[in-house]
Amino acid sequence: MLCRECLWRTEVVPLSEPVIDKNGKEVNEIVLKAGETIFVSMAAFNWSTKYWGPDAHEFKPERWANPPEESSGIPHVYANLMSFFAGPRACIGWRFALAETKAILFVLLRAFEFEIDPQLVVKTKS
């Protein structure tokens, strides 16, 4: 009866892409047992070159003016990012976190003085 219960409670989760395990074997699915905990790496989605291109690890604020089409397939509640997860398990405080980030930026930026370098030459696109 124990074997039947274990087999009945085993689920196979297919992977979207095969991965190579620590023994060099290609894995296409993961076998999960009831009660096992799985972890999803938000950073892996947010920095994935598959979704964000070869410059995914670079700081490029201009990427948000025209995000890559591939990134629209990422489940999300904000900006095609998994930082706050998605669906019924999404972070309930994501709006508060964004508002707080903007408030901190506002306070920090007010503490500095900005001026334009008079020797700066700005070239326009033709």
Of everything in region 47-98, what is assigned to a helix (DSSP H, G or I), open to solvent by less than 60 Å² (accessible area, probe 1.4 Å) and among the aliphatic types (A, V, I, L, M)? Give them in sequence order. Ala97, Leu98
Scan Val13, Val19, Val40 and give me the residue that is part of a strand (DSSP E or B), modelled with pLDDT under 85, open to solvent by less than 80 Å² (accessible area, probe 1.4 Å) and under 28 Å from Glu70 (Cβ atoms). Val13
Enumerate the pairs (first residue in region 69-81 and at positive phi; second residue anywhere and part of a loop (DSSP other than H, G, I, E, B) and at pLDDT 80 or above) with beta-carbon separation below 9 Å, excluding pairs fewer than 6 apart on the same chain, so at least 6 apart or on different chains. Ala79/Pro67; Asn80/Pro67; Asn80/Pro68
On the given criteria, is Asn28 part of a loop (DSSP other than H, G, I, E, B), modelled with pLDDT of 80 or more and open to solvent by 70 Å² or more (accessible area, probe 1.4 Å)? no
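The values are calculated or read from the model by the stated rules, or taken from the named source; none is laboratory data. Note that this is a predicted model, so its numbers are computed, not measured. Cβ sites come from the backbone with ideal geometry, for glycine too, and all protein chains shown count toward neighbours. These area figures cover heavy atoms from the full protein model, side chains too; ligands, DNA and RNA do not enter into them. Shrake-Rupley method; radii C 1.70, N 1.55, O 1.52, S 1.80 Å.
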